[in-house]
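Chemist: This is the structure I have questions about; it appears just below.
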Ligand code: FES
Ligand code: FES
């Protein structure tokens, strides 16, 4: 069957098997490999993309169901060379380690901030609670999203080096 | 709540508190990851690439009667179906494990665990490969399984490994450490002895990226390029050469970006070998990526130790001795990954952080009809099990003596002046100063105030628990004279080149799965040769581009490879002195070093920067004899000892008396990993490990039913903490450098996974004190906690 959708601002039309999952369509057909896959049961959220601005688990959406919709993947988060504040926040606050959950986490964060520009830490935790990160322990992801909330225009290029925030206590 | 404090200064503690190499800096690897430009194995697409899928056994123990692949082969998109019989003809049906056992690549005779590999399909796309699995007809003759390790050695138990000649039971090994007679004598005369069976259930590392490979065999020049989710690319290359017969110089293993490892990606799984066979058979590149159920059911599990613990003490709380007998469930093949001499890993550090008069442990390994593995999930070679045992036993003793568990620990710590400390089972702890670390954690927690709050709450019938764990790790394996894996000494190499313009590239043998090596190792070089980390590229994860070494696991990257990198940088610095002397027409001994520059003693204005020296090295200056015209060096580092990081953890929980639900309210972690490099990365490593600890303590378990069906084979059943189940971590640190590591660093990657589970369980048991609970086994799920409140839980199987 034929489907059409807008991905990261570009219109695409492709012939697909009706059973193909959106995650595989994005990864294998469009070769946008920033969207990941991590489970068989809709639990991990490494596959999260935005469909019409809302986070969805692309492993649980048939590509055919995205026909006529607008999809944003991690590759569409930056504006040209300028990173989205969420992307900057993740770098500033060490919101990623292996980077596998990161695209999904950042897209959920983007959707959250679009609806709620000043979320409380608990609201952030709730927003990402359908996604698993095995590396970071989440606190730095929360801080990263808070950083993005506090810097809605991002950081000026010369200040993007790390602020020396110290979170640890020493004797 | 996170306690914020300015960059602390502690003049009394000296300069070693300062992190090295520019301290907290953003990670050099992050720009590609935040743009979705990481390159993981499943992102790799080669021209003409095919896709493999594995048919797995639905039962735990069964004779293979027949396989019919004809229908699958008739599928229009299928290129090959490989069975055990096919592999037998190639001599590849069995592969050696990392513990000198063998493991079936595909079943030839008998299925030995549910999820075992039975056949391999190669097809044009991943959907077709899966479709074809459905078309393979297999007949099994089901046998009774051995599920409970306690029954594995019963007379008459089914013999799982009848493939091994002469095998009549399920016994794998017996191992012991410490002095039994001495320990028994101390126990016999002790005032107080407490005993407890403690089970560390089977869990799984479950990195977010599952395991996979892309094999590309070129039949013309006989070269194999293998993209693989591996934490140990060089060791894998050697093993592939040994298994496949492809000469080692014709094998290139590439471990690209890895989506988390935690020990899951140390072993060689049948899937990797099958991808290679598939590529050889079809003449095309073959990709195999397992799904989550395959990952949880068939790859390296962790723990599965049943420990009988005993602790002896005086009545005023001086701990005298520890002893334990352990039954270790190794699954159907002994495929644990640890140094050869240590079949129970480093479990014999179960004496913990305490100064004991005697200690003895025995460990018996047995086969069961479960997936193989056992040393994984950030365990530091079984230090997880050791720390859990001792920290639970100390709490149980505290209860018996009616002493505060913090006070009991403080009373029994190895004292600062006793280091280097020889424990009773053969370890030499390099350095430590435990009391300030413990006291800092208590101060951060507001320990006395918490106890007061708990008392008040108990009077109101509320269940609040405070749990402490003080751990000592042993990481950075290890000295070659003692430690090898399949005969390969546990050393690591590093090569450093300074290009003519003064930019550098350092090549290392270890591999990152998220630990930030591209940043940390650049920082170490920056510290030693004084050029900024931005000017230093770190190359890793490709055997064609990096020196040999054993890889990243057991928290060994910083202790071993980090030392190699510091030393190779010092070698370059020393070489630079000779070249600078030639350039300045002076003697090397007349030069003095300051960061990034050699200058003439007494005349700092006359000198050469590293960049100038690099250009000089490659230029036309007449060089002294024995100095080559470059600014490069290489080393292989053989660590003289392991390093011994430590830490004090305090967990505060609230238990719902109606449902048994445990809420982790606070978690305070004070870590001492010696000299610190990038505090941001260290904090991240600790946060991740603490989350593992909460997961294992409260929800993670791979259980089996009586038939050997795996009950933890998906993320619906194998629960991992989300952001809602963990608190905002409160971290602190002390700094006690390692005396034998070139920069004093000890490693931190697994400290929190090792140290945190007992803190959580101690807190839960503490909360359940009003019910008379002295111990409960993990995971402390609502149902199990509720059972404990009603008088007892069943041990996990
Ligand atoms: S792949 Fe796990 S939720 Fe989509
Ligand atoms: S950064 Fe590795 S899973 Fe989140």
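The numbers here are math on the coordinates, done by the rules we state, and not lab data. None of the values given here were measured: they were computed from a predicted structure.
Chemist: Between the stretch A:77-92 and the stretch B:409-436, how far is it from one alpha carbon centroid to the other, in angstrom?
Modeler: 47
Chemist: Count the DSSP beta bridges whose two residues both fall in the protein assembly as shown, then state the antiparallel fraction as a percent rounded to the nearest 5.
Modeler: Restricted to the protein assembly as shown, the bridges split so that about 80 percent are antiparallel.
Chemist: Still on this structure, I have one more. Quick check: convex hull of the Cα atoms in the stretch B:371-454, volume per residue, rounded to a whole Å³?
Modeler: 162
Chemist: Oh, and also: Among DSSP beta bridges lying fully in the stretch A:2-138, give the percent that are antiparallel, nearest 5.
Modeler: 90
Chemist: Can you divide the C-alpha Rg of the stretch A:2-76 by 2.2 N^0.38 Å and report the result to two decimal places? Provide the component values of the computation, followed by the final result.
Modeler: Numbers: Rg = 10.9 Å, N = 75, 2.2 N^0.38 = 11.3 Å.
Taking the Cα Rg and dividing by 2.2 N^0.38 Å, one obtains 0.96.
Chemist: Report, in degrees rounded to the nearest 10, the 0 to 90 angle that the Cα long axis of helix A:102-115 makes with the longest principal axis of chain A.
Modeler: Computed tilt is about 80 degrees.
Chemist: Still on this structure, I have one more. I need the shape label for chain B. Rule: rounded when a/c is under 1.5, else prolate if a/b > b/c, else oblate, with a, b, c from the alpha carbon gyration tensor.
Modeler: It comes out oblate by the Cα gyration axes.
Chemist: Using alpha carbons only, how many degrees (0 to 90, rounded to 10) separate the axis of helix A:139-150 from the longest principal axis of chain A?
Modeler: 90
Chemist: Just check the stretch A:85-150 against the gyration tensor rule for me: Cα atoms, a ≥ b ≥ c as the square roots of the eigenvalues, rounded for a/c under 1.5, and otherwise prolate or oblate depending on whether a/b exceeds b/c.
Modeler: Here the stretch A:85-150 falls in the prolate category.
Chemist: Let me ask something additional. Can you pull the percent of Cα pairs in the stretch B:238-378 with separation above 24 Å?
Modeler: Counting pairs separated by more than 24 Å, the tail of P(r) holds 49 percent.
Chemist: A further question on this structure: Let me have the relative contact order for chain A, percent, based on Cα pairs under 8 Å that are six or more residues apart.
Modeler: Relative contact order for chain A comes out at 23 percent.
Chemist: On to the next question. Taking the DSSP beta bridges in the stretch A:2-76 as the whole, what percent of them are antiparallel, to the nearest 5? Mind showing how you got there, number by number?
Modeler: Details: 13 of 15 bridges.
Beta bridges within the stretch A:2-76, antiparallel portion: roughly 85 percent.
Chemist: Let me ask something additional. Relative contact order for the stretch A:85-150: what percent, with Cα pairs under 8 Å and sequence separation of 6 or more? Could the numbers behind the result be given before it?
Modeler: Numbers: 78 pairs, mean separation 37.3, N = 66.
About 56 percent, as a whole number.
Chemist: How would you classify the protein assembly as shown from its alpha-carbon gyration tensor, with a ≥ b ≥ c the square roots of the eigenvalues: rounded for a/c under 1.5, else prolate if a/b is greater than b/c, otherwise oblate? Walk me through the numbers before you get to the answer.
Modeler: Details: a/c = 1.25, a/b = 1.01, b/c = 1.25.
Since a/c stays below 1.5, the shape of the protein assembly as shown is classed as rounded.
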